[in-house]
1. Compute a Gaussian network model of the chain, connecting alpha carbons closer than 10 Å, and tell me which residue from Thr55, Thr88, Thr26 fluctuates the most.
2. To the nearest µm²/s, what D does Stokes-Einstein give for the range 108-156 at 10 °C and 1.306 mPa s, using the Kirkwood radius over alpha carbon pairs as Rh?
3. At R0 = 41 Å, how high is the FRET efficiency between Glu147 and Arg96 if r is their beta carbon distance? Nearest 0.05 is fine.
4. Tell me the carbon and sulfur percent of the accessible area for the chain, rounded to whole percent, probe radius 1.4 Å.
5. Give a residue-ordered list of calculated ³J(HN,Hα) values for the range 95-103 (Karplus: 6.51 cos²θ - 1.76 cosθ + 1.60, θ = phi - 60°; whole Hz; x for Gly, Pro).
6. Using the C-alpha atoms of the range 1-66, what convex hull volume per residue, in cubic angstrom, is computed?
7. How much length would be gained if the chain were fully extended between Ser39 and Thr83, taking 0.36 nm per residue of separation minus their Cα-Cα distance, in nm to one decimal?
8. When only the heavy atoms of the protein chains count and the probe is 1.4 Å, how do Phe155, Phe73, Phe93 rank by accessible area, highest first?
Amino acid sequence: MGTGKTWFTALLPSENGFKLIGSVKTGRWEVRVFDFGSSGEFLGEKALAEGIALTAGLWCEKLVLAGYRGENFWVRVGKRGITLGEGTATSMFATRDRILVGGELEGNAVIVELPGGGEVVGRRKPWENGSVEVLGEGVALGVREGERIEMVIAFL
């Protein structure tokens with residue numbers, strides 16, 4: 001959900017309440033966390049990173065953000081940022097030992113695999129000319145563009 005200058009991404013549990021993750025444009029885009037207490041009282045906010053987070057979640061006690069920074073596919077696991085080429089990270093699916101991040105990279109559908117340390121260990125291109133959303137381990141949905149746009153379900 002966005003308002004033009006603010007894009008809300010996720011509502012996540014925290015020790016004392018919950019966190020709202022969003023991207024705010026104040027001259028440039030930055031990802032911010034808004035903390036709320038268990039009764040919904042606002043506790044404060046802080047900037048997390050430059051860029052836009054289109055998805056966010058908790059994994060192995062780390063905050064994971066995925067989206068784009070400038071025009072680049074961007075993922076942040078804890079404090080470690082990973083920027084790949086031109087594109088956008090739009091979905092993620094966490095397992096016990098890795099995160100799969102889907103999106104579009106340099107015009108092609110891509111799934112990036114990140115283990116617990118946060119470094120890229122694998123990159124799959126399920127199809128060219130499109131984008132992909134990771135729905136689960138081994139299942140993805142997306143679009144492939146060509147003479148016509150096709151919806152694609154992939155079992156990886």
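1. It is Thr26.
2. Roughly 140 µm²/s, to the nearest whole number.
3. Numbers: r = 41 Å, r/R0 = 1.01.
For R0 = 41 Å, the calculated efficiency reads 0.50.
4. Working: 4290 of 8570 Å².
Roughly 50 percent, rounded to a whole number.
5. 10, 5, 10, 6, 10, 10, 10, x, x
6. That works out to 82 Å³ per residue.
7. So the extension gain works out to 12.1 nm.
8. Numbers: Phe155 165, Phe73 0, Phe93 65 Å².
Ranked list, largest accessible area first: Phe155, Phe93, Phe73.
The values are calculated or read from the model by the stated rules, or taken from the named source; none is laboratory data. It should be emphasised that the depicted structure is a prediction, and the values quoted were computed from it without experimental measurement. With ideal geometry, Cβ positions are generated from the backbone for all residues, glycine too; neighbour counts draw on all protein chains shown. Heads up: the accessible areas ignore ligands, DNA and RNA and are worked out on the full protein's heavy atoms, side chains in. Shrake-Rupley method; radii C 1.70, N 1.55, O 1.52, S 1.80 Å.
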